[in-house]
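Beneath this line is the structure, given in structure tokens, with notes to follow.
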Amino acid sequence: MNKALVFSIEEFSTFDGPGIRTTVFLKGCPLRCEWCHNPEGQTLDNEIVKAQSGCVFCGCCIQAGLAASGKEKLTKESITVCPNRLLRFAAKEYTAEELVQKLSKNFRILNAGGGGVTFSGGEPLSSGAFLLEILPLLKGKTNRALQTSGYCEPKLFEQVLSETDYVLYDLKLMEPEAHIRYTGVSNEKILHNFRTLVKSKKPFVVRTPLIPGVTDTPKNLGAIAAFLKEQGVGAIDLLPYNKMAGGKYASIGREFQPSFDESIPSQPRRELFEELGIRVNIL
Ligand code: SF4
Ligand code: SF4
């Protein structure tokens, strides 16, 4: 039986697919996008998250961690000693059956408006075996969507796609070197899997995060527009840069250090798509 680490479940979301949805955020992602606003979703470790206000700097948490591990770090023992209850594990572990049971209480409301459940992350395909277990359990009960970077082995993508009703697919950077530089991985599998998605005739939406000077350049958006045109795709969602992106890093003891200039407003450059007949939706 497969288990997955779920770091958030958001109910009544209207941005993660058709209708009203419950979005399940699974931990683990092979990418390291510079602009990631869910850093607690990147690793498959269940790290400890610290609330950003209320700390009285008593040091009890580090002392408990030191006693338990011999190192100055937060451990599970740290959680219970914090007088202000500021520490928690980033995620909770679920089996597929446990998660279906939890999600099912809202199916009637979600289904009434054509909504359903969206698996997001992190990169949900990092939990491929879990998805292959839970998606069939949800079949016929509610609409099943996948929000993905598209980065995984092609065989896994095909298997998960066959059990998915709707896909939200990110295209970030078309130039291979730039993709590696800003996300840590090549876009070869991503583009391959995207072609598979188009051929599958499953309903999907393409989404591009607009990162100032990185993904929102005329060169990159023009290349995405040309690729979509070549693939016969007629629409794209553009996501303006969220200046709160770095907000969660401190809570897991990391620093947000983007190499791009956050103060420059991101540019949708919608004309690059529209002149090729591609409809633009700016979220
Ligand atoms: S135990 Fe709680 S209040 Fe004390 S230093 Fe740690 S996080 Fe802050
Ligand atoms: S793919 Fe998403 S979750 Fe993974 S690093 Fe990039 S932004 Fe973060």
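Values quoted throughout were computed directly from the atomic coordinates according to the rules given, and no laboratory measurement underlies them. In this text, all values refer to a predicted model and were calculated from it rather than measured experimentally. Cβ sites come from the backbone with ideal geometry, for glycine too, and all protein chains shown count toward neighbours.
Three principal axis extents describe the C-alpha atoms of the range 5-136; from largest down they are 51, 31, 28 Å. Seen against the Cα atoms of the chain and their longest principal axis, helix 218-231 is set at about 60 degrees.
For the residues LEU138, LEU74, LEU173, a GNM of the chain with alpha-carbon springs under 10 Å puts the largest fluctuation on LEU74. Ranked by the mean number of other Cβ atoms within 10 Å of their residues, highest first, the peptides 258-266, 58-66 come out as 58-66, 258-266.
Listed by chain and number, the aspartates and glutamates whose alpha-carbon sits under 17 Å from that of LYS76, ignoring those within fewer than 8 places in the same chain, are GLU40, ASP45, GLU47, GLU93. The string of couplings for the range 246-256 from the Karplus curve (6.51, -1.76, 1.60, θ = phi - 60°) is x, x, 8, 4, 4, 5, 10, x, 10, 10, 8 Hz, one whole number per residue in order, with x for Gly and Pro. Pairs over the 26 Å Cα-Cα cut-off, from the set LYS199/LYS243; LYS3/LYS141; LYS27/LYS73; LYS73/LYS172; LYS199/LYS248: LYS199/LYS243; LYS73/LYS172; LYS199/LYS248.
Using DSSP to call loops (not H, G, I, E or B), can you name the trypsin sites (Lys or Arg not before Pro) in the range 211-244 whose Cβ has at most 16 other Cβ atoms within 10 angstrom?
Working: sites: LYS219, LYS229, LYS243; in loops: LYS243.
Taking the range 211-244 and a limit of 16 other Cβ atoms within 10 Å, the loop trypsin sites (Lys or Arg not before Pro) found are LYS243.
Only alpha carbons enter this Debye calculation for the chain, each as an equal point scatterer, and the log10 of I(q)/I(0) it gives at q = 0.10, 0.15 Å⁻¹ is -0.58, -1.19. When the alpha carbon gyration tensor of the range 173-280 is reduced to an equivalent ellipsoid, its three semi-axes come out at 26, 17, 13 angstrom, largest first.
Look at where the Cα atoms of the range 213-283 and of the range 3-73 average out, and the two centres are 25 Å apart.
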